[in-house]
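Notes to accompany the following structure.
Please treat every number below as a calculation from the coordinates, not as lab data. Since we're looking at a predicted model, the values are computed, not measured. No Cβ is skipped: glycine too gets one built from the backbone with ideal geometry, and neighbour counts run over all protein chains shown.
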Amino acid sequence: MELSRTKRLKKKKKTKRRFLVFVMAIILGVVGFTFTYELRLWLAGSLLVTQHHHWAKYTLIGEEKLRELRSDLESPEMMNSHVEDVPASGRAHAATKTPQELIEIEPVEKRISSVHYFKGYMMKVHDPDRVHLVSTSGTKRSGKGLPRGEFISEFVERTGALAGVNASGFYDPNWMGYGETPSGLVIQEGKVIQDSIGTGESVLAISYDGKLITGNYTAKQLVQEMNVRDAVSFKPQLIVNGKNLFAGKEATSWGIAHRTAMGQTADGTILFLVIDGRQPTHSLGASMTDMAQVMEEYGAVQAMALDGGTSSMLVTRDKDTGETKILTRAPNDDERGRWLPNAWLVY
């Protein structure tokens, strides 16, 4: 059932209150309740990646440091992947697995400090040929009758997929977008749906031979020269050619939040890491340094972040009963998260 304007506004107010609780949890989590400079850096970084980025100036870290943090967000380190280093598809590896083993999901949980702890899941898909980008059907309507995107659970139910994870970001003018229009580059089944890349963004693509590609490429290069099947763009890259791009870097530049990342191991296995955030009694969220480290621990040789925040969602479907299950926890009032323009689905 769609939300009326009044209910939608109430929902936004509740979400804002929850965000404030998240901010206060970071502040009060410091030993002795001391608002240290390090804590202010964490808070500033966490605010800069949200729609409340204008609040970052109130953390009193100084304009010079704010400019530095913004620069990290706008122009992250970028490299082009060496696709020849990845096996031609994971078919050989997948052939040794039973159907039940083709998808493995493991819980991820880490507590680094009183203000830095997170929970989520790692999904391993041993055959990259089973991972496809799917766009919203275009048939869903908001309470105002306008086109909207779909919840990840709706993508999974509509297509009969075994699992689904969020993919592209989306246009959200005045924070009132309905998630039907993706941002950045989008390629689906070899067709260029949208040919634009945002500032500092990198491409994340799967080729027809199952290789994960990331870097600074044009849509023409990807389709005509690199045999790409599906692709989106976002930022930042986490691991490229086995190099952890966040090793030794301050985690505070990207703050802590709920996050999604996609990667590939040397044997062709596709990895999806989805972390919950902004829920003080459950999971405050992960930094990009955390995301890169976890991906590295699971053997990723290529990995990149996808849209985060309330978009971060992992949903599975029982192939026997058809029942869907939302594994991750959205920080808003709807366990399904938010409407999105597309999703990575596993068949």
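I'm trying to understand the selection: among the residues of the stretch 268-303, which are in a loop (DSSP other than H, G, I, E, B) and touching a residue at least 12 places away in the same chain (Cβ under 8 Å)? If the condition is that a residue be in a loop (DSSP other than H, G, I, E, B) and touching a residue at least 12 places away in the same chain (Cβ under 8 Å), then GLY268, THR269, ASP276, GLY277, ARG278, PRO280, HIS282, LEU284, GLY285, SER287, TYR298, GLY299 are the ones that fit. Checking each residue in the stretch 127-153 for being among the hydroxyl-bearing types (Ser, Thr, Tyr) and either in a loop (DSSP other than H, G, I, E, B) or buried (at least 22 other Cβ atoms within 10 Å of the Cβ) (or both) picks out THR136, SER137, THR139, SER142. Specify the residue that is nearest to ILE270 (Cα to Cα); the eligible residues are those in the stretch 177-203 that are touching a Phe, Trp or Tyr at 6+ places or on another chain (Cβ under 7 Å) and not in a loop (DSSP other than H, G, I, E, B). The residue in question is VAL203. Each residue in the stretch 170-225 was checked for being in contact with a helix residue (DSSP H, G or I) (Cβ under 7 Å, 6 or more places away or on another chain) and surrounded by fewer than 19 Cβ atoms within 10 Å (Cβ to Cβ), and 5 of them qualify. Apart from one condition, ASN244 fits all of (1) without any contact (Cβ under 8 Å) to a residue 40 or more places away in the chain; (2) under 22 Å from GLY268 (Cα atoms); (3) surrounded by fewer than 21 Cβ atoms within 10 Å (Cβ to Cβ); (4) touching a helix residue (DSSP H, G or I) at 6+ places or on another chain (Cβ under 7 Å); the exception is (1). Among the conditions (1) under 28 Å from GLN51 (Cα atoms); (2) out of contact with any Pro (no Cβ under 8 Å at 6 or more places or on another chain); (3) of a type in the set (Asp, Glu), GLU297 misses just one, which is (1).
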